[in-house]
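Have a look at the structure below before the remarks.
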Amino acid sequence: MEIARRAAGISPSPTLAIDAQAKAMKAKGIQVINFSAGEPDFDTPEHIKQAAIDALKAGFTRYTPVAGIPELRQAVCDSLKVRGLSYEPANIVVSCGAKHSLYNAMQVLLNEGDEVILSAPYWVSYYEQIKLAGGVPVVVNTDATTDFKLTPAALKAALTPRTKLLILNSPCNPTGVVYSRSELEALAEVILSHGLMVISDEIYAALLYDGLTHTSIAALGPEIKERTILIDGVSKTYAMTGWRIGYAAAPRPVATAMTDLQSHSTSNPTSIAQKAAVAALTGSQEPVEAMRCEFEQRRNRILAGLRELPGVMCNQPGGAFYVFPYIGKLFGRRFRGQVLASSTDVATVLLNEYQVAVVPGIAFGADPFLRLSYATSMTQIEAGLERFKAFVGELQ
Ligand SMILES: *Cc1c(COP(=O)(O)O)cnc(C)c1O
């Protein structure tokens, strides 16, 4: 059987693969410490679950409008007002997770051969989604010297007449980096002067530390707003990854095209999950703050622990729930005779010999790094750091 070229070229998500391997080891009774998960370890807050139960009991089990129920689209508009953004429900398209919103956006924006600028380290799915839409990912590498941020100069240097779109992700998965307002203003200038579009993935906007505040690039002015497709969802903020509700806020023609596309693929996202999302957005935000505080404490602990390890360096992430330590100094050293040459080597040894699951940086286009998610308990973090320390101690 021949698989179409479009699908044959897809690389499976390496983060989901490692998470699956760690979970399989756990199922066999092996005490795995899992730093690979890309989702909060908290349960969905009770009042949100109750809203879904109520909806189910009330028989809210039919098709809804493709782009989401009006109530939810209004709730999304209201939540975006807090970011200084004014959208109408007609600008909002609710999809089956933010990943799906991103997919739809790329499908309606890109023509064959259009170039899309993606700064590395990048979230794994952007790269594949660009290709699936016929686009060409143009990767711009960043490093610790610019705090892993794309600079206006680096953006300009990557532009060609075929450049159509820039993907921004602040706070960033995997680096946790948060762009400031002035940094976004400088990028917006380049975007506007070259007529680009921008997809701004703001899925971690609510998970910020050190008193940082979130700025959406769309909030910088009406011109840049008309060039932005803002992506967010309930997965990370409300511990609702399994519910599959994400959304886009976009200029009307883009929102219409995304809705039309979705009408021929998934149709509406799950009816009762939409009701739960309304409860999430309009209900008490106290559970969000409680989770954010817990994440901040864990970040502080894991960052301090990693920085104590000889040969490991780590920038301080301002948001999301990942740390992205540099492990390049471990390359060339030996573990029980085996020379470690890549992030995959290090991640493999950590998983097989120390039962610690981490994602190799290469999955994000940045090899001498690892991504550790601290969406796990403090005791697991402590134990994982101990094992990591033992691993580094054994290197020759
Ligand atoms: C988790 C994640 C998403 C997707 O979230 P959904 O569960 O699909 O809503 C999108 N972007 C980034 C950067 C993420 O980490």
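Read-outs throughout are calculated quantities, based only on the coordinates presented, and are distinct from any laboratory measurement. As the structure is a prediction and not an experimental result, all values here were calculated from the model. When we count neighbours, we look across all protein chains shown, and the Cβ atoms used for this are built from the backbone with ideal geometry, even at glycine.
Below are the figures for this structure:
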quantity	calculated
3J(HN,Hα) from dihedral phi, region 230-235, Karplus parametrisation 6.51/-1.76/1.60, rounded to Hz, x for glycine, proline	8, 10, 8, x, 9, 3
0 to 90° range, to nearest 10: angle between helix 378-394 axis and the chain longest Cα axis	40
Glu308/Ser180 FRET efficiency (R0 35 Å; Cβ-Cβ; nearest 0.05)	0.75
Segment Arg336-Leu395, length gained on full extension (0.36 nm per residue, minus Cα span)	20.5 nm
Unsatisfied cross-links (Cα-Cα over 22 Å) in the set Lys57/Lys275; Lys26/Lys236; Lys99/Lys131; Lys99/Lys275	Lys26/Lys236
The chain: calculated mean residue ellipticity at 222 nm from DSSP helix runs of at least 4, using -39500 (n - 2.57)	-12500 deg cm²/dmol
Global form of region 46-282, assessed from the alpha-carbon gyration tensor, a/c cut-off 1.5	prolate
0 to 90° range, to nearest 10: angle between helix 343-354 axis and the chain longest Cα axis	70
Ordering of 380-386, 241-247 by burial proxy (mean other Cβ atoms within 10 Å per residue, highest first)	241-247, 380-386
